[in-house]
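The values are calculated or read from the model by the stated rules, or taken from the named source; none is laboratory data. The structure displayed is predicted, hence computed values, not measured ones. When we count neighbours, we look across all protein chains shown, and the Cβ atoms used for this are built from the backbone with ideal geometry, even at glycine. Only protein heavy atoms, including side chains, enter the accessible area calculation; ligands, DNA and RNA are left aside. Shrake-Rupley method; radii C 1.70, N 1.55, O 1.52, S 1.80 Å.
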Amino acid sequence: MGADGRSQVDIGHLATLARLNLKPEECAKFQEQIEDILAYVDKLSQLNVDGVEPMTTALPMINVFRDDTPHETLSRDEAMRNAPDKEGAFFKVPRIIQDGEAPDDGEGGDSNASK
Amino acid sequence: MTTWEPVIGLEVHAELATRTKLFCACPTEFGAEPNTLVCPRCLGMPGTLPVLNKQALEFAIRAGLAFDCQIAEHIVFERKNYFYPDLSKGYQISQLSQAVATGGQVNIVTDDGNEKQIHITQIQLEEEAGKSIHGGATIREATFTLEDFNRCGIPLIEIISEPEMHSVEEAKAYLEKLKTVLLYIGVSDCKMEEGSLRCDVNISLREAGSDRLGRRAEIKNLNSFRAVVNVLEYEIQRQTELLNSGGTVARETRTWDEGRGESFSMRSKEEAHDYRFFPEPDLAPVEPGQAWIAEIKATLPELPDIKRRRYVEEYGLPLYDAELISGNREMADFFDKTLQYYKDPKAISNWLMGEVSRLNNQAETGFDKLRFSPQQLGELLAMIDNGQISTKIAKTVLEEMFASGTAPASIVEARGLMQISDQGALETMINSLVDANPGPAEDYRNGRDKALGFFVGQIMKETKGRANPVLVTDLLKEAILGKK
Ligand SMILES: [Zn+2]
């Protein structure tokens with residue numbers, strides 16, 4: 001929280017995380033907008049929440065389950081219809097690593113180099 | 001020079017053996033044509049919503065119970081945000097502070113034969129990412145990447161250990177026990193070659209005896225026990241050399257190159273780890289309730305630790321036998337069932353660990369696929385005890401049981417293998433043999449015990465191994481020593 005009661009937002013960092021290329025004037029504009037939003041939401045911290053159980057959802061439900069029964073899948077053609085690029089049976093994406101950059105540690109990550 | 005002690009923690013990812021994915025109804029089968037087991041949900045198309053697979057949750061709870069964990073009363077999924085092309089939605093649904101299970105432990109037997117507990121921090125339920133194939137020799141040289149989303153969304157549990165292992169052997173024992181238990185309770189097929197079981201390693205060194213933790217390196221996505229062992233041995237040496245030369249270990253993620261047998265720093269950008277977790281708004285929380293948890297608990301099989309103790313305490317098996325048999329569910333089942341027909345546990349254990357395992361290895365098969373039954377093995381062992389066949393003949397009979405599943409008595413009868421225990425017939429044979437070989441007989445009388453072996457061998461040859469060896473030995477001694 002800054003001296004003026006607004007959150008300090010590092011818009012450059014956020015843009016990098018979201019993979020957005022922002023122009024300097026956009027940075028300034030979004031910085032202000034996001035700080036407005038945070039200041040508004042921050043009103044919640046004025047509430048007295050003594051004795052209120054922490055909650056993670058406003059949904060009035062628990063235990064929404066599915067049975068473990070397979071359903072029909074999309075055909076490959078259908079699945080890949082909107083893909084910007086493909087090769088054979090695969091979605092094709094640009095190279096992942098920029099020069100000098102480390103690979104991100106995606107959860108799967110057991111990347112196989114094609115022979 | 002300072003003695004350094006490794007401090008090792010492991011995070012094991014095990015794919016669950018459900019029929020469908022965690023949040024959609026796509027099948028989970030392995031080896032299907034790329035991008036055929038997908039739907040709008042697991043492709044991350046806008047507007048789709050996840051619905052939790054109840055079986056996956058049950059498997060996660062089952063694993064938690066098998067490792068003695070506390071099952072959470074209130075379970076929450078979290079959204080872990082990062083961009084990587086194998087992650088269709090741009091985030092992974094995972095868990096953080098309100099995971100399915102916390103606490104608990106894995107019991108290992110260390111090299112010196114002692115039991116040790118390795119504690120589990122938590123077990124969380126999350127979804128798999130897809131599979132990337134890089135267009136180039138390595139990810140760095142790749143000019144493009146191909147994605148297959150068949151695996152994306154398959155449920156997995158991540159089992160996080162406390163950093164309580166202090167040697168490569170302990171880490172290996174932990175992994176083996178973890179895998180054994182997961183196979184016992186049927187929640188994962190644990191096929192490392194198919195990627196069903198993978199492991200992240202954390203390792204640091206500290207001064208022996210100190211309880212201060214050093215800075216740790218993390219090595220991700222190892223897909224064989226051998227790779228884990230190699231990484232640990234490599235890192236222990238690398239970090240020891242660093243520390244001994246006055247350097248410091250960087251806290252970093254490293255990548256393992258199995259081909260070169262080296263780990264490399266992944267020069268991580270700080271932002272790459274800003275996952276901005278928040279509670280998954282598209283999923284309702286879960287409250288499994290004591291009744292359901294008790295129901296799941298009641299279906300757990302007898303677990304390997306309990307079996308091992310039972311084998312030692314009730315049957316008097318050596319710890320080695322008990323550990324080996326209880327470590328393989330199919331073998332243990334066969335052992336338990338054979339005991340219903342035959343009462344000598346050590347004899348059964350010897351045969352299962354010896355001859356039967358040998359035949360299994362030769363035929364590259366397992367105890368669940370044996371053609372003969374536990375009852376038939378019991379019958380075979382009883383025939384040895386009754387003097388109907390010798391141990392040597394029993395091995396021949398077992399081979400035929402293994403190949404055909406024929407009952408031992410039928411094999412013995414059909415092939416005329418019944419042991420000769422007819423004293424009169426054996427005596428005639430022995431007397432003429434001793435008469436024909438005065439030299440060896442004299443040797444034996446002069447105290448050369450080995451000379452007796454010559455006579456036993458001759459009788460066995462003559463009877464094609466069917467003579468009762470105990471009786472033959474007795475009669476031989478009598479025949480030779482009696483003729484002074
Ligand atoms: Zn799907």
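For segment B:302-407, report the accessible area per residue in Å² (1.4 Å probe, heavy atoms, rounded to an integer).
On the way: 5070 Å² over 106 residues.
I get 48 Å² per residue for segment B:302-407.
Ignore the peptide's own chain and count Cβ atoms of other chains within 10 Å of each Cβ in B:79-87; give me the average, rounded.
If you average over the peptide's residues, the count of other-chain Cβ atoms is 5.
Please give the average number of partner chain Cβ atoms lying within 10 Å of the Cβ of each residue in B:42-53, rounded to a whole number.
Numbers: counts 3, 6, 0, 3, 0, 0, 0, 1, 2, 3, 4, 5.
Taking the mean over all residues of the peptide, I get 2.
Can you figure out the FRET efficiency of B:N114 with B:Y341, using R₀ = 35 Å and their beta-carbon distance, to the nearest 0.05? It would help to have the intermediate numbers written out before the result.
Numbers: r = 35 Å, r/R0 = 0.99.
Given R0 = 35 Å and the Cβ-Cβ separation, E is 0.50.
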Find how many whole Å separate the alpha carbon centroid of segment B:402-480 from the alpha carbon centroid of segment B:309-325. 36 Å
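Please label the shape of segment B:96-136 as rounded, prolate or oblate, based on the square roots a ≥ b ≥ c of the eigenvalues of the alpha-carbon gyration tensor (a/c under 1.5 means rounded; beyond that, a/b larger than b/c means prolate, else oblate).
Numbers: a/c = 5.53, a/b = 1.60, b/c = 3.45.
It comes out oblate by the Cα gyration axes.
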Mind giving me the FRET efficiency for B:D274 and A:Y40? R0 is 25 Å, r the Cβ-Cβ distance, nearest 0.05 is fine. 0.60
Note: B:Q362 to B:A32 extended length (0.36 nm per residue) minus current alpha-carbon separation gives 115.7 nm
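Could you tell me the convex hull volume per residue, in Å³, taken over the Cα atoms of segment B:302-407?
Working: hull volume 9.7 nm³, N = 106.
Hull volume normalised by residue count: 92 Å³.
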Highest first, please rank the peptides A:46-52, A:26-32 by the mean number of other Cβ atoms sitting within 10 Å of their residues. A:26-32, A:46-52
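What accessible area, summed over both chains, is buried at the A-B interface (1.4 Å probe, Å², nearest 100)? Walk me through the numbers before you get to the answer.
Working: alone 11430 and 24390 Å², together 30110 Å².
The contact between B and A buries close to 5700 Å².
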At 7 Å along Cα-to-Cβ for each site, give me the label-to-label distance between B:D449 and B:Q105 in nm. 4.7 nm
Rank these by accessible area, largest first, 1.4 Å probe: B:L52, B:L471. B:L471, B:L52
How large is the accessible surface of B:F225 in square angstrom, using a 1.4 angstrom probe and rounding to the nearest 10? 40 Å²
Given a 1.4 Å probe and heavy atoms of the protein chains only, how would you sort B:T406, B:T299, largest accessible area at the top? B:T299, B:T406
Name the shape class, rounded, prolate or oblate, that the alpha-carbon gyration tensor gives for the protein assembly as shown, where a ≥ b ≥ c are the square roots of its eigenvalues, rounded holds for a/c under 1.5, and otherwise prolate holds if a/b is larger than b/c and oblate otherwise. prolate
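What FRET efficiency, computed as 1/(1 + (r/R0)^6) with R0 = 51 Å and r the Cβ-Cβ distance, is obtained for B:D385 and B:R226, rounded to the nearest 0.05? Walk me through the intermediate numbers first.
Working: r = 43 Å, r/R0 = 0.84.
The pair B:D385/B:R226 has a calculated efficiency of 0.75.
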Computed Rg/Rh of segment B:423-481, alpha carbon atoms with Kirkwood Rh: 0.92
Lysines near B:K395 by alpha-carbon distance under 21 Å, same-chain residues fewer than 8 away left out - which ones? B:K337, B:K343, B:K346, B:K369, B:K461, B:K464
From other protein chains only, count the Cβ atoms within 10 Å of every residue's Cβ in A:85-91, then give the mean. 6
What does the accessible area of B:T428 come to, in Å² to the nearest 10, when a probe of 1.4 Å is used? 90 Å²
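Could you work out what % of the accessible surface of the protein assembly as shown is carbon and sulfur, using a 1.4 angstrom probe and leaving DNA, RNA and ligands out of the count?
Values: 15170 of 30110 Å².
Accessible surface attributable to carbon and sulfur in the protein assembly as shown totals 50 percent.
Please tell me the relative contact order of chain B in percent, rounded to the nearest whole number, where contacts are Cα pairs under 8 Å and at least six residues apart. Don't skip to the answer; put the middle values down first.
Details: 842 pairs, mean separation 66.4, N = 484.
About 14 percent, as a whole number.
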Once ligands and nucleic acids are excluded and a 1.4 Å probe is used, how much of B:I120 is accessible, expressed in Å² to the nearest 10? 10 Å²
With a cap of 16 neighbouring Cβ atoms within 10 Å, and only residues DSSP puts in a loop, list the GluC sites (Glu not before Pro) found in segment B:200-291. B:E258
Modelled label-to-label distance, B:A298 and B:Q423, 7 Å Cα→beta-carbon offset: nm? 6.1 nm
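Rounded, prolate or oblate: pick one for segment B:211-343, where a ≥ b ≥ c are the square roots of the eigenvalues of its C-alpha gyration tensor, a/c under 1.5 means rounded, and failing that, prolate if a/b is larger than b/c, else oblate. Walk me through the numbers on the way to the answer.
Numbers: a/c = 2.98, a/b = 1.49, b/c = 2.00.
In terms of gyration-tensor shape, oblate.
Ordering B:F277, B:F77 from largest to smallest accessible area (1.4 angstrom probe), what's the sequence? Walk me through the intermediate numbers first.
Working: B:F277 70, B:F77 5 Å².
Descending accessible area places them as B:F277, B:F77.
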For B:L49, put the label point 7 Å out on the Cα→Cβ axis and report which residues of segment A:24-66 keep their amide N under 18 Å from it. A:56-66
For B:S196, the net charge from surrounding residues (Cβ-Cβ under 9 Å; K, R +1; D, E -1) works out to -2
